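> I am attaching a structure below and will ask some questions about it afterwards.
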Amino acid sequence: MTLESMILLFLIGILVGFINIISAGGSLLSLPALIFFGIPSTMANGTNRIAIIIQNLTAMIEFYKKDLINWKLSIKLAVPAVIGSIVGAQYAIALSDEVFNRILAIVMIVVLILMFVKPHNMLKSERTSLTKGREVVLIVIFLLIGFYGGFIQAGVGFLIIATFSIFLSKMPLVEMHSVKTVVIAIYLICSLVVFISHDQIHWGYALILALGGGVGGWIGSKFAINIPEVWLKWTMIIVISFMAIRLFIW
């Protein structure tokens, strides 16, 4: 790992942390970036999780301090997510780099489109109560979300918020984010164990990316209000589309 690559990865971490604070989808940049650094796809997939876990644990602590966490709902949804994530991580490790890269390229474009089109806004429910039927549906959905998170992770926060927007649209946004943060932190730690057990973490890259993400998150929290959303959208569209095309022919 050269000094130039360390500096570049740190800068990417800053960008990713910044994006995750003022929007979402930072992993759509960091995961392919790690692959472009020459790390095998499975190792890049595992390495990328370290920074995300740190970000979510930090956010979870802040939510906890402000007594904003719905622990009952969080744990109830984290259980199926953990099961799904362990299976998803095992599946990701079993894939060849070529197959994984092409799947990631397709997922990147699909998630990017969904993030900006936001079709769930047209499907919002006016009900706020979590009935038994809705609870069962949510558990199944979070089993699938956990599988996706264990497999790739990129854009999973958007999927969780979209799910809440459809089934519990009157839930306060801050509660949605608190539940999302707890669920992601728990299942990511569990799926990380799978990658660690298969020696699929590059700890040097993980540390640098995490440090950059911390700086980027701090910058985002300070200056997010001054950044026009349309600039961020077009920047992400251009950069992620380029990365997806490059991954597909990698």
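> Between the alpha-carbon centers of the range 175-207 and the range 53-92, tell me the distance in whole angstrom.
The range 175-207 and the range 53-92 have Cα centres spaced 9 Å from each other.
> Would you calculate, for the chain, the mean residue ellipticity at 222 nm contributed by helices, counting each DSSP H stretch of 4 or more residues as -39,500 (n - 2.57) and dividing by all residues, to the nearest 500? Intermediate results must be reported in sequence, preceding the final value.
On the way: 10 runs with 198 residues, N = 250.
That comes out to -27000 deg cm²/dmol.
> Can you give me the distance in nm between label points at residue 189 and residue 134, each placed 7 Å from the Cα along the Cα-to-Cβ direction?
Here the answer is 2.9 nm between the modelled labels.
> Let me ask something else about it. What angle, in degrees between 0 and 90 and rounded to the nearest 10, separates the Cα long axis of helix 229-248 from the longest principal axis of the Cα atoms of the chain?
With rounding to tens, the tilt is 60 degrees.
> Turning to a different aspect of this structure: How far is it, in nm, from the label point at residue 245 to the one at residue 6 when both lie 7 Å from their Cα along the line to the Cβ?
For the pair residue 245/residue 6, the computed spacing is 3.4 nm.
> Taking 8 Å as the Cα distance limit and 6 or more residues as the minimum spacing, I'd like the relative contact order of the chain as a percentage. The partial results should precede the final answer.
Values: 342 pairs, mean separation 107.4, N = 250.
Normalised by residue count, the contact order of the chain is 43 percent.
> Calculate the dipole size of the chain relative to its Cα centre from +1 charges on Lys and Arg beta carbons and -1 charges on Asp and Glu beta carbons; express the result in debye to the nearest 20. Each step should come with its number before you reach the end.
Working: 16 positive and 10 negative charges, 149 e Å.
Dipole of the chain, to the nearest 20 debye: 720 debye.
> Kindly state, to the nearest 0.05, the FRET efficiency for residue 97 paired with residue 67, given R0 = 35 Å and r defined as their beta-carbon distance. Write out the running numbers ahead of the final one.
Details: r = 45 Å, r/R0 = 1.28.
In this case the efficiency is close to 0.20.
> Set Lys and Arg Cβ to +1 and Asp and Glu Cβ to -1, take the dipole of the chain about its Cα centre, and tell me which of 56, 133, 26 lies farthest positive.
Of the options given, the answer is 133.
> If you count only protein heavy atoms with a 1.4 Å probe, what accessible area per residue comes out for the chain, rounded to a whole Å²? The partial results should precede the final answer.
Working: 12030 Å² over 250 residues.
Accessible surface, normalised per residue, equals 48 Å².
> Could I ask something else about it? Top mean-square fluctuation among 209, 114, 77, Gaussian network model of the chain, C-alpha springs under 10 Å?
Its mean-square fluctuation being the largest, the pick is 114.
> Of all the accessible heavy-atom surface of the chain, with the other protein chains kept in place and a 1.4 Å probe, what percent is carbon and sulfur?
72
> Which angle between 0 and 90 degrees, to the nearest 10, do you get for helix 132-151 versus the longest principal axis of the chain when only C-alpha atoms count?
0
> Let me ask something additional. Can you flag which of 132/180; 66/170; 72/180; 66/132 are past 18 Å Cα-Cα? Numbers along the way, then the final one.
Details: 132/180 20 Å; 66/170 20 Å; 72/180 13 Å; 66/132 29 Å.
Violating the 18 Å limit, Cα to Cα: 132/180; 66/170; 66/132.
The values are calculated or read from the model by the stated rules, or taken from the named source; none is laboratory data. Values in this document were obtained by computation on a predicted structure and should not be read as measured data. Cβ sites come from the backbone with ideal geometry, for glycine too, and all protein chains shown count toward neighbours. For the accessible areas, the whole protein counts, side chains as well, though only heavy atoms, and no ligand, DNA or RNA atoms are used. Shrake-Rupley method; radii C 1.70, N 1.55, O 1.52, S 1.80 Å.
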